[in-house]
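Input: a single structure, listed below in structure tokens.
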């Protein structure tokens, strides 16, 4: 069976930390920001981590 190709989109969106967790950016911070509260936009700046249930799938996608 041939090797699985790594997913280009996933490579750009997720970074692997030293501890083995996957870091990701939060959604809803690209456009239409005028109606969103400053508090909400501030919290969207912070990085988030991929949930444990999805980690294995995304790690396989990254390669």
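Tabulated results
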{"quantity": "Relative contact order, percent, the chain [alpha-carbon distance under 8 Å, six or more residues apart]", "calculated": "45 percent"}
{"quantity": "Inter-site label distance for residue 17 and residue 60 at 7 Å from Cα along Cβ, in nm", "calculated": "2.4 nm"}
{"quantity": "Cα Rg over Rh - the chain, Kirkwood", "calculated": "1.10"}
{"quantity": "Acute angle (nearest 10 degrees) that the helix 52-62 long axis makes with the longest principal axis of the chain, alpha-carbon atoms", "calculated": "60 degrees"}
{"quantity": "Distance between modelled label sites at residue 36 and residue 24, nm, 7 Å Cα→Cβ extension", "calculated": "1.6 nm"}
{"quantity": "Residue-averaged 222 nm ellipticity for the chain, from DSSP H runs of 4+ at -39500 (n - 2.57), nearest 500", "calculated": "-11000 deg cm²/dmol"}
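All of the numbers you see were taken from the coordinates with simple rules; none came from a lab. All values reported here derive from a predicted model rather than from experimental measurement. Note that we place each Cβ from the backbone using ideal geometry, even for glycine, and neighbour counts take in every protein chain shown.
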